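Taking it in order: structure first as structure tokens, then the write-up.
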Amino acid sequence: MASNGWFGRRSQFTQARASHGAAAIPDGVATKCVKCGEIIFTSDFEKNLKVCTHCGFHHKLSADERIRYTVDEDSFAPLHENLRSVDPLRFPDYQSKLDKGIAATGMHDGIRVGVASVHGVSVVLAVADFSFMAASMGSVAGEKIVRALEEGAARRAPVVIFTASGGARMQEGLLSLMQMAKTSAAAARLAAANIPYVVVMTDATMAGVLASYASLGDITLAEPGALIGFAGARVSAQASTQKAPEGYQTAEWQLLHGQIDQIVARKDLPDTLGSLLQMLGFSPEPTLDDLASEALTEADEEIAAIG
Amino acid sequence: MASLNVIEFEKSIAELDENLSKLRRIVMDQKHPQNTADLPDQLANLEQHRTAIIRAWFSNLTAWDQVLLARHEKRPYTLDYIGHMFTGFQELHGDRLYGDDGAIVAGFAKLDDMPIAIVGHQKGRDIKQRQHRNFGYARPEGYRKAGRIMKLAAKFGVPIVTLIDTPGAAADVSADERGISEAIARNMFDMATLPTPIVSVVIGEGGSGGALGIAVADRVLMLEHSVYSVIAPEGCAAILWRDPEKKADAAKALNLTATRAKELGVVDGVIAEPLGGAHRDWEAAAGSLKEALIENLAQLKDLTGDELVERRYQRFRAIGQFTEIEPIHLNGHASGDAA
Ligand SMILES: [Zn+2]
């Protein structure tokens, strides 16, 4: 389905769950920016795609919000929604954390996968939801990312992944660690199939996820101000002899150090993704309107020829 | 005894050993034949007893004991194993991009008559060496050097052996500046498609991504007293319980021992160490490791590059545990859990 552009989708916004990033003031009328502390009308905040109207900070999004803000209207069809984490190590408090994550997001785990179109280009999409246990990567997240990458190879459709994660999920121990190898191997397969893989790093993309599939995109974009780094601030400070530089582990700092192709504002992401995918040779699927007008033109030509 | 950890236990064994060797000297001197006629028997008895105590201790190690053993400062490191198992080691340096990391060594050597590419983390033994080796915390240029040598090996069909012994990858500002995350990710990506046999062995600490960055292999093995973990127990305890001192609880919860890693399907085999740990007998430890390498490489040698890559992919593809609950069907029948 062809996009009617960003402005066309804007009217589609429904009242989103106010569970992400910015703390909602009780009556929901106003929202406080987690970065600058400014109080913003929630309606303005949401119209602005949860980007602070004052300082421009890109707040975390739920998976559903991300999908709505990014893909062509109604084009998303979910896949593999039924995967659920188990507690293979009987790790202390893991089950209750999973239950909390499910309650907070309505998802079984921190990754949503599906097919969609962006500016009419069919893609396989994976989106992280940080409010599910910091979208940490356990068996389910790893499996869903692998299935997304495999789906892209099978459909010959570009894979777009919006990353966010605290890293590998401690509560599944080595099984989580191995998801780093598993997802990286799947990215290698997609690359061997010559299918584009685009990563969009969002706040926060860290540790085991940054050190695996998030760093393997053919093209790597990031949202402004996103926290992107290998180790958390405490560990990094312990390991460093130097003081953390200004802006350390922000998207802007990573751009400066050659790890990111482009920082893209949230409102521009659909256009940027659509444009890049088209330049890599992936054209928009024709819409019904396109097909109808094409048939009409052909019929006209035939009539003209007969006439 | 139960309140001792394995390092404290080793100290008391060392004291016992000192007394035993005094006794041994007396027996050998035979200066007091009348009074000490039964000494040789007593000595033999005590020696047996000593072995029994060590065996009992080592059959009942806690996860934290295993962590301490894996980090034991007298444990053989990569270059020690290379010295004992291989001949003609030619070390190759540098990533051609930035520098040469002392925390990862790489090169070619012969295992009996077979040329092998070797990549391994390297720790140091004295202060100067430890600094040079960055305490085994490998830096981006270490992973890129490793990647360079492994691709070179694949180009000429040379099998690869990697030895894992790191507390984790370097996590300081400079490592981030040079893309430590990308360096680790790229190695896993590349290793997944190298058309040559790869055997990885955790010989000491298998510290999360820093370990896995050179451990995407056809066969992954662990030495008996090595550990392999998603996070250091101290770090896990600090995050989960805001108390790094709960490291022993974290070690237990993380299931980081060789036995558990095997049960979880993460590693393919566990290599037995000499009684009391590899540090007590480097020669014997290297002997067992060499035997395991030869056996595993022999199993892989007849596979084509494509077969190796496909099996390696499926090996890692299969790791993970979850359930897949069927959606509720419109006719009202919900199907049950399917693992
Ligand atoms: Zn703000």
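Each of the peptides A:235-245, B:111-121, A:78-88 was scored by the mean count of other Cβ atoms within 10 Å over its residues; in descending order, highest first, they stand as B:111-121, A:78-88, A:235-245.
Rounded to the nearest 5, the antiparallel percentage of DSSP beta bridges internal to the range A:60-306 is 40%. With a 1.4 angstrom probe, the accessible area lost at the B-A interface totals about 4800 Å². The mean number of partner chain beta-carbon atoms within 10 angstrom of a residue's beta-carbon across peptide A:186-193 is 4.
Considering only alpha-carbon pairs that sit under 8 angstrom and 6 or more positions apart, the relative contact order computed for chain B is 14 percent. Count Lys and Arg as plus one, Asp and Glu as minus one, and take only other residues whose Cβ is under 13 Å from that of B:ARG96; the net charge is then 0. Relative to one another, the C-alpha centroids of the range A:241-306 and the range B:178-193 are positioned 27 Å apart.
Rounded to the nearest 20, the Cβ-based charge dipole of the range A:60-306 about its Cα centre (Lys and Arg +1, Asp and Glu -1) stands at 1700 debye.
Can you give the FRET efficiency to the nearest 0.05 for A:SER275 and B:ASN60, using r as the Cβ-Cβ distance and R₀ = 56 Å? Calculated transfer efficiency: 0.35. Counting only protein heavy atoms and a probe of 1.4 Å, the accessible surface of chain B is 52% carbon and sulfur. Taking each of B:LYS22/B:LYS74; A:LYS32/A:LYS267; B:LYS155/B:LYS301; A:LYS47/A:LYS267; B:LYS123/B:LYS246 in turn, the alpha-carbon distance tops 18 angstrom for B:LYS22/B:LYS74; A:LYS32/A:LYS267; B:LYS123/B:LYS246. For the range B:45-134, applying the loop criterion from DSSP together with a ceiling of 12 other beta carbons within 10 Å to the GluC sites (Glu not before Pro) yields B:GLU73. Taking label points 7 Å from Cα along the Cα-to-Cβ direction, B:LYS155 and A:ILE306 give a separation of 6.6 nm. For the protein assembly as shown, the cysteines with no partner cysteine C-beta closer than 4.7 Å are B:CYS236.
Probing with 1.4 Å while keeping every protein chain in the model, the per residue accessible area of the protein assembly as shown equals 43 Å². Can you tell me which lysines have their Cα less than 23 Å from the Cα of A:LYS100? Leave out same-chain residues fewer than eight positions away. Here the lysines satisfying the reach criterion relative to A:LYS100 are A:LYS60, A:LYS144.
Measuring nothing but how far apart in sequence close Cα pairs (under 8 Å, 6+ apart) lie, relative to its length, chain A scores a relative contact order of 15 percent. For the range A:170-287, what class follows from the C-alpha gyration tensor (a ≥ b ≥ c being the square roots of its eigenvalues): rounded when a/c is under 1.5, otherwise prolate if a/b is larger than b/c, else oblate? Judged from the Cα gyration tensor, the range A:170-287 comes out oblate (a/c at least 1.5, b/c at or above a/b). Helices in chain B, meaning DSSP H runs of at least 4 residues, each add -39500 (n - 2.57). Divided by all residues, the mean residue ellipticity at 222 nm is -14500 deg cm²/dmol.
Shape class of the range B:69-317 from the alpha-carbon gyration tensor: rounded, with the ratio a/c of largest to smallest axis under 1.5.
Annotation: A:LEU98 carries an accessible surface of approximately 0 Å², with a 1.4 Å probe and no ligand, DNA or RNA atoms counted.
The calculated FRET efficiency for the pair A:SER293 and A:ASP261, based on their C-beta separation and a Förster distance of 41 Å, comes to about 0.70. Each peptide in A:112-120, A:99-107, B:214-222 was scored by the mean count of other Cβ atoms within 10 Å over its residues; highest first, the order is B:214-222, A:112-120, A:99-107.
Among the residues of A:241-248, the average count of other protein chain beta-carbon atoms within 10 Å of the residue beta-carbon is 2. Counting only protein chain heavy atoms and rolling a 1.4 Å probe, the accessible areas of B:ILE7, B:ILE149 rank, largest first, as B:ILE7, B:ILE149.
Decide, for the range A:60-306, between rounded, prolate and oblate: order the square roots of the alpha carbon gyration tensor eigenvalues as a ≥ b ≥ c, take rounded if a/c falls under 1.5, and otherwise choose prolate if a/b is larger than b/c, else oblate. Because a/c hits 1.5 or more and a/b exceeds b/c, the range A:60-306 counts as prolate.
The values are calculated or read from the model by the stated rules, or taken from the named source; none is laboratory data. What you see is a predicted model, and the numbers here were worked out from it, not measured in a lab. Reconstructed Cβ throughout: ideal geometry from the backbone, glycine too, with neighbour counts over all protein chains shown. Ligands, DNA and RNA are excluded from the accessible area calculation, which covers all protein heavy atoms including side chains. Shrake-Rupley method; radii C 1.70, N 1.55, O 1.52, S 1.80 Å.
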